[in-house]
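To keep things clear, I will list the structure first and then write my remarks on it.
Bear in mind that the values in this text are calculations on the coordinates, not laboratory data. Note that the coordinates shown come from a computational prediction; the quantities given were computed from them, not determined experimentally.
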Amino acid sequence: MGRVSVPVPPGLYTEPSRGAPAFLPAPTPQAADPTVLSTGQVIPRQAMPTADVGNSFSVDLATAPQVLRELRQARDQLQELRHDALFLGKIDPETHDEVSRDAAVVFGAIAVGGQGSLLDALDGGVQRLDGLIAAVESELALYRSADLAQADRFDANA
């Protein structure tokens, strides 16, 4: 079999890629990254550890509706704080001096810089509260279902 030569349309590359361009944007600072100030000084930082939480709880049936209201209020408050964290992550150093730029970078990393950031902690808290709300609602539904079944059995035997 012979080789078939297909012409390359104009505008397509005919040479292999030579790698990434020399001017890649700097990576976004993360919450656990050390802070490098404009003076070159490096300030180490540690992300906050994740809180260890228990995996079981009990709720009195009489107080369950109030517990659900309070859990939803707490979730709503965390979501409001999340909006504040997003705002903190985008502070514009209006004066553009070195101190203001350094402060904006540090605030941004702590507020929205990935694992260990305020945003990460708030998202984790919202997820945990959503799980608790779902668990309480599920248990209430099971209780109501069992209560209705028992009432039906009682009525059938009466």
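Here are a few things to note about the model shown:
- Difference of contour (0.36 nm per residue) and Cα-Cα distance, residue 148 to residue 99: 11.0 nm
- Long-range amide H partners of residue 36 with built H, under 5 Å: 43
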